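Reviewing the structure listed below.
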Amino acid sequence: MNNNEPSTAQSATTPRADLLLEIEQTPEEYLPELLQFVRLFRQSVTMKQTSLNQWENAINEINHSDVVKQQERKTNMKKLFESWNELDEQQEQQQTLEIIESMKGISI
């Protein structure tokens, strides 16, 4: 097998060992692109897991908060949408939405 042919035989090794073998068989000039690809892949997987965890935490907070917090949240949401509805232009509404979406740690 030469360096440009992928291994087609089933391997009894770990995925990490298989990955390292593939990297070793990759021509040197392609390693910077491969490194960039691996980093982007790792970051996207990490971000996806973080987003899922944050979503799960938010749902748990909503479902398991006390009655007072739930009522405050409903009141805050109502006020927010009422004030949003009072904005004159669609552009202002879009800007407000972007601001809300950019805020972290805000519980409505």
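The numbers here are math on the coordinates, done by the rules we state, and not lab data. These figures come from a predicted structure and were not determined experimentally.
Side notes on the structure shown:
- Net length gained if the chain between Glu56 and Leu40 were fully extended (0.36 nm per residue, minus Cα distance): 3.3 nm
- For region 92-101, 3J(HN,Hα) computed residue by residue from phi via the Karplus equation (6.51, -1.76, 1.60; θ = phi - 60°) reads 5, 5, 5, 5, 5, 4, 4, 5, 4, 5 Hz, glycine and proline entered as x.
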